[in-house]
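Engineer: Dropping a structure here in structure tokens format, bear with me for questions.
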Amino acid sequence: MTRMEATQSTDNHRQQAEPVYLESTLLRVFGVLFCHDPKRARSRTGKIEINRGVAEKGIAVRFDPEYAQPGPFAHKVAMAVIRKQSNFGRPAQKAISFSQRELIQMTGRKSMGGRQSEELALALKQIRYSHVLAHFKKEERFVEHDFSIFNEVLIERRASPTDPIVACTIVIADPIIQSLNDKHFTCLNHALMQQLTTIGAAFYMRLFCHFATHYDGHHLDRVVFKKRYDDICSEWLGGITVLQHRSKILGEQLGTHLDQLVSLGFLRFYTRRSTGEVKFTFHDESQEIGDPHRVAYLFMEKRTGRKPDATTYVSSKEVDTAKELLGQLSMTEIPDFLDYALAEAGKTRFNPQALGGVRQYLNGYQQARERKNSSKAAAVARQSLDRQTQLRLDYDQYRRNEAQRIFDRLPADEKAAIEALAHTKLGAGGPAKGYMAETLIRVEKHRLTIKRHPGGVANFEQWSASRPA
């Protein structure tokens with residue numbers, strides 16, 4: 001492919017801006033991750049390198065041998081997830097949940113029947129088990145990351161493994177979240193992308209990124225980008241077939257997609273990313289879908305001792321039970337409750353297979369938690385009292401030491417006067433004898449010394465404030 005020029009949008013094709021924030025590295029990864037030829041995608045496994053030969057910044061994508069390379073449909077799914085994540089604004093959210101209605105919209109289907117559901121499940125697995133291998137130089141050392149774009153996929157089905165998917169939660173990898181929060185992203189127009197084929201969308205993402213750095217709204221004839229056709233096939237379109245004849249390339253493969261981009265006028269730039277653009281309430285949605293999914297999957301993990309993979313699902317009944325538990329427990333309390341319930345069940349050799357089996361332990365857990373909290377509060381109170389008591393003892397020792405230090409530096413006649421007063425006061429009740437007499441006289445000497453020289457000893461508040469935290 002020799003020369004492609006950015007074309008100015010006409011008024012007839014101006015699109016409403018619906019920003020989607022694609023993390024900068026993903027922009028390049030998507031080019032090799034998704035093959036836009038579905039037949040070719042199903043037969044491709046192995047590893048593809050990006051930045052080959054660049055020692056200080058290397059990226060590769062490894063496909064799972066069972067699920068193979070993600071295809072065009074998986075590309076739509078990934079963009080739908082990123083689009084919804086973009087709606088939540090900043091900070092970037094890790095867990096993105098979809099209801100059944102949203103799943104239908106995501107896939108562009110009229111319903112979520114058996115075939116459509118399994119196509120979605122396969123696409124999620126393909127993305128989940130494709131690995132991004134990144135190594136780069138950071139200061140004086142090399143850092144390596146091996147992660148999946150979708151770190152977890154939580155799937156809900158009505159009752160059985162053959163039922164259609166009714167909801168799902170997708171957890172995005174930490175390196176992507178961190179990069180988004182560091183503002184390393186390209187802002188694209190999702191409204192325009194929805195009108196394009198997946199090949200057109202792939203072209204748009206890459207061309208927009210290149211042209212946006214050069215286009216200033218003027219001098220349209222200077223905005224030119226050149227790239228080899230075979231590199232476009234491998235680096236932008238996931239390894240589609242390299243054709244030999246220009247007529248076939250334009251007539252049967254890429255021409256119609258490029259023409260569509262030209263007709264839509266794709267070059268627009270969006271610079272603002274504001275939480276004011278958020279159209280969804282993340283907290284409410286997380287409570288309705290995401291948190292119940294995590295509870296149901298966590299129960300499965302604790303019951304079996306194995307982390308569920310992308311082939312696992314939870315039933316809608318389990319999700320409903322999870323919602324009931326979340327009505328009485330916070331999400332942070334759920335792991336502790338499940339540990340308690342499974343331990344109690346083990347005492348009677350009961351092996352609950354469903355979340356409903358652990359509900360019977362909820363009252364016992366709450367009572368045990370109250371006792372634990374009460375004991376903890378009492379222990380905290382005792383510790384506080386002990387600290388205050390020790391603090392007073394330490395202060396008394398400080399006063400004695402300071403009083404003795406001041407007394408030792410006094411002139412001999414003042415020392416004699418203080419000692420005489422101390423003996424006189426203690427002698428008023430009769431002559432004091434033995435060890436107690438020495439102690440009482442010393443205490444009285446310290447008191448009299450501080451009374452005569454109050455500026456030399458800090459009061460309790462001053463002394464406390466000067467101590468290390």
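Engineer: Restricting to segment 292-330, give me the number of residues that are under 24 Å from GLY364 (Cβ atoms), in contact with a helix residue (DSSP H, G or I) (Cβ under 8 Å, 6 or more places away or on another chain) and not in a helix (DSSP H, G or I).
Structural biologist: Looking only at that region, the number is 2.
Engineer: Would you point out the residue of segment 240-263, among those that are of a type in the set (Val, Ile, Thr) and not in a helix (DSSP H, G or I), that is surrounded by the most Cβ atoms within 10 Å (Cβ to Cβ)? Reasoning before the result, please.
Structural biologist: Initially, segment 240-263 is screened for residues of a type in the set (Val, Ile, Thr), giving 240-242, 249, 256, 262.
Keeping just the survivors that are not in a helix (DSSP H, G or I) gives 240-242.
Values: ILE240: 19, THR241: 12, VAL242: 13.
Residue satisfying both the conditions and the ranking: ILE240.
Engineer: Failed condition for LYS425, given (1) touching an Asp or Glu at 6+ places or on another chain (Cβ under 8 Å); (2) within 28 Å of PHE299 (Cα to Cα); (3) open to solvent by 80 Å² or more (accessible area, probe 1.4 Å); (4) of a type outside the set (Asp, Glu), with all others met?
Structural biologist: So the condition that LYS425 fails would be (2).
Engineer: Related question: Given the condition closer than 30 Å to PRO468 by Cα and at pLDDT 90 or above, answer yes or no: does some residue in segment 409-426 qualify?
Structural biologist: The answer is yes; a qualifying residue exists.
Engineer: Which members of segment 305-333 meet the condition of being open to solvent by less than 50 Å² (accessible area, probe 1.4 Å), over 24 Å from the mean Cα position of the chain (by Cα) and more than 15 Å from VAL166 (Cα to Cα)?
Structural biologist: If the condition is that a residue be open to solvent by less than 50 Å² (accessible area, probe 1.4 Å), over 24 Å from the mean Cα position of the chain (by Cα) and more than 15 Å from VAL166 (Cα to Cα), then THR321 is the only one that fits.
Engineer: Further question: Kindly check whether there is at least one residue in segment 100-116 that is outside any loop (DSSP other than H, G, I, E, B) and touching a residue at least 60 places away in the same chain (Cβ under 8 Å). Please lay out each step first, then the result.
Structural biologist: We begin by selecting, within segment 100-116, every residue outside any loop (DSSP other than H, G, I, E, B); these are 100-107, 114-116.
Imposing the further condition that a residue be touching a residue at least 60 places away in the same chain (Cβ under 8 Å) reduces the set to 100, 103.
Yes, some residue in segment 100-116 is outside any loop (DSSP other than H, G, I, E, B) and touching a residue at least 60 places away in the same chain (Cβ under 8 Å).
Engineer: Take ILE165 and decide whether it is modelled with pLDDT of 95 or more, open to solvent by less than 10 Å² (accessible area, probe 1.4 Å) and on the phi < 0 side of the Ramachandran plot.
Structural biologist: It is false that ILE165 is modelled with pLDDT of 95 or more, open to solvent by less than 10 Å² (accessible area, probe 1.4 Å) and on the phi < 0 side of the Ramachandran plot.
Engineer: Any idea how many residues of segment 134-162 are on the phi < 0 side of the Ramachandran plot and open to solvent by 40 Å² or more (accessible area, probe 1.4 Å)?
Structural biologist: Quick first cut of segment 134-162, residues on the phi < 0 side of the Ramachandran plot only: 134-138, 140-162.
Now drop any that are not open to solvent by 40 Å² or more (accessible area, probe 1.4 Å), which leaves 135-138, 140-142, 144-146, 151-152, 158-159, 161-162.
Qualifying residue count for the region: 16.
Engineer: So if I check each of LEU421, LEU391, LEU410, LEU385, which one is without any contact (Cβ under 8 Å) to a residue 24 or more places away in the chain and farther than 30 Å from ALA159 by Cα?
Structural biologist: Numbers: LEU421 fails: without any contact (Cβ under 8 Å) to a residue 24 or more places away in the chain; LEU391 fails: without any contact (Cβ under 8 Å) to a residue 24 or more places away in the chain; LEU410 fails: without any contact (Cβ under 8 Å) to a residue 24 or more places away in the chain.
It is LEU385.
Engineer: Next up: Going by the structure shown, is SER130 out of contact with any His (no Cβ under 7 Å at 6 or more places or on another chain), hydroxyl-bearing (Ser, Thr, Tyr) and at pLDDT below 90?
Structural biologist: Values: out of contact with any His (no Cβ under 7 Å at 6 or more places or on another chain): yes; hydroxyl-bearing (Ser, Thr, Tyr): yes; at pLDDT below 90: no.
Criteria not met by SER130.
Engineer: Take ASN363 and tell me if it is within 30 Å of ASN151 (Cβ to Cβ), open to solvent by 70 Å² or more (accessible area, probe 1.4 Å) and more than 28 Å from the chain's Cα centre (by Cα). Quick ask: steps written out before the conclusion?
Structural biologist: On the way: within 30 Å of ASN151 (Cβ to Cβ): no; open to solvent by 70 Å² or more (accessible area, probe 1.4 Å): yes; more than 28 Å from the chain's Cα centre (by Cα): yes.
No; evaluated as a whole, the condition is false for this residue.
Engineer: A follow-up question, please. Residue check: is GLY71 at pLDDT 90 or above, open to solvent by less than 50 Å² (accessible area, probe 1.4 Å) and within 28 Å of the chain's Cα centre (by Cα)? Can you show your working first?
Structural biologist: Values: at pLDDT 90 or above: yes; open to solvent by less than 50 Å² (accessible area, probe 1.4 Å): yes; within 28 Å of the chain's Cα centre (by Cα): yes.
Against the criterion (at pLDDT 90 or above, open to solvent by less than 50 Å² (accessible area, probe 1.4 Å) and within 28 Å of the chain's Cα centre (by Cα)), GLY71 qualifies.
Engineer: What single numbered condition from (1) open to solvent by 10 Å² or more (accessible area, probe 1.4 Å); (2) in a strand (DSSP E or B) fails to hold for VAL61?
Structural biologist: (1)
Engineer: Now a separate question. Scan segment 428-435 and give yes if some residue there is touching a residue at least 40 places away in the same chain (Cβ under 8 Å) and open to solvent by less than 80 Å² (accessible area, probe 1.4 Å), otherwise no.
Structural biologist: Initially, segment 428-435 is screened for residues touching a residue at least 40 places away in the same chain (Cβ under 8 Å), giving none.
The answer is no; no qualifying residue exists.
The values are calculated or read from the model by the stated rules, or taken from the named source; none is laboratory data. These figures come from a predicted structure and were not determined experimentally. No Cβ is skipped: glycine too gets one built from the backbone with ideal geometry, and neighbour counts run over all protein chains shown. Please note that ligands, DNA and RNA were not included when accessible areas were found on the heavy atoms of the full protein model with its side chains. Shrake-Rupley method; radii C 1.70, N 1.55, O 1.52, S 1.80 Å.
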